[in-house]
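Take a look at the structure below.
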Amino acid sequence: MNDNLLFAFILTLFAGLSTGIGSAFAIFTKKTNRTFLSFSLGFSAGVMIYVSFVEIFQKARVSLINVFGSQYGEVYTVLAFFGGILIILIIDALIPSPENPHEIHFVEEISQEELKNKKTSKNGISDCNSNCNS
């Protein structure tokens, strides 16, 4: 087997197992550990910023330099990157707080009554006691 293929397989296996282990924390935890949650969200945000800024940014830079030349390609790359951040901030500000998935809500704040009243059909969950026809 090719060494690159084996390395790619091991990385993919590690990523899949990491996802499963991470979901086990969410399933088996009774209370929200805010310190751990803050650390893990900060770490994942850092990884995504790294991927965006270091890898995707460089590919966009090379492509735009090929099209617009060295000076304008650099400027357009930076403008596009930070313009995308600005667009996301505007979209986030326009979404009402109760509907915004980026607003902070703790698991302990959700009551069972709220869970019953929510529209859960989008998630594939339904309350058959009141909604199912026999």
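The values are calculated or read from the model by the stated rules, or taken from the named source; none is laboratory data. What you are looking at is a predicted structure, and each value in this text was computed from that prediction instead of being measured. We place every Cβ from the backbone using ideal geometry, glycine too, and count neighbours over all the protein chains shown.
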> Among the residues of the range 25-32, is any in contact with a Ser or Thr (Cβ under 8 Å, 6 or more places away or on another chain), free of Cβ contacts under 8 Å to residues at least 60 places away in the same chain and in a helix (DSSP H, G or I)?
Replying inline: no
> Under 8 Å by Cβ, and 6 or more places apart or on different chains, what pairs join a residue from the range 72-94 that is farther than 21 Å from residue 48 by Cα with one that is outside any helix (DSSP H, G or I)?
Replying inline: none
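Regarding residue 103, is this residue at pLDDT 85 or above, surrounded by 11 or more Cβ atoms within 10 Å (Cβ to Cβ) and not small (Gly, Ala, Ser)?
Numbers: at pLDDT 85 or above: no; surrounded by 11 or more Cβ atoms within 10 Å (Cβ to Cβ): yes; not small (Gly, Ala, Ser): yes.
It is false that residue 103 is at pLDDT 85 or above, surrounded by 11 or more Cβ atoms within 10 Å (Cβ to Cβ) and not small (Gly, Ala, Ser).
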> Hey, any hits in the range 42-50 for a residue that's out of contact with any strand residue (DSSP E or B) (no Cβ under 9 Å at 6 or more places or on another chain) and not in a helix (DSSP H, G or I)?
Replying inline: no
> What pairs can you find where one residue is in the range 48-59 and closer than 14 Å to residue 78 by Cβ, the other is surrounded by 11 or more Cβ atoms within 10 Å (Cβ to Cβ) and hydroxyl-bearing (Ser, Thr, Tyr), and their Cβ atoms are less than 7 Å apart, with a gap of 6+ or different chains?
Replying inline: 57/77
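Could you look through the range 1-46, keep only residues that are β-branched (Val, Ile, Thr) and modelled with pLDDT of 75 or more, and pick out the one that is surrounded by the fewest Cβ atoms within 10 Å (Cβ to Cβ)? Explain how you work it out, then say what you get.
Kept after step one, since they are β-branched (Val, Ile, Thr), are these residues of the range 1-46: 10, 12, 19, 21, 27, 29, 32, 35.
Among the residues that remain, those that are also modelled with pLDDT of 75 or more are: 10, 12, 19, 21, 27, 35.
Details: 10: 10, 12: 10, 19: 10, 21: 9, 27: 6, 35: 8.
Here the answer is 27.
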>> The conditions are (1) under 30 Å from residue 36 (Cβ atoms); (2) at pLDDT 60 or above; (3) surrounded by 10 or more Cβ atoms within 10 Å (Cβ to Cβ); (4) hydroxyl-bearing (Ser, Thr, Tyr), and residue 72 fails exactly one of them. Which is it?
In response: (1)
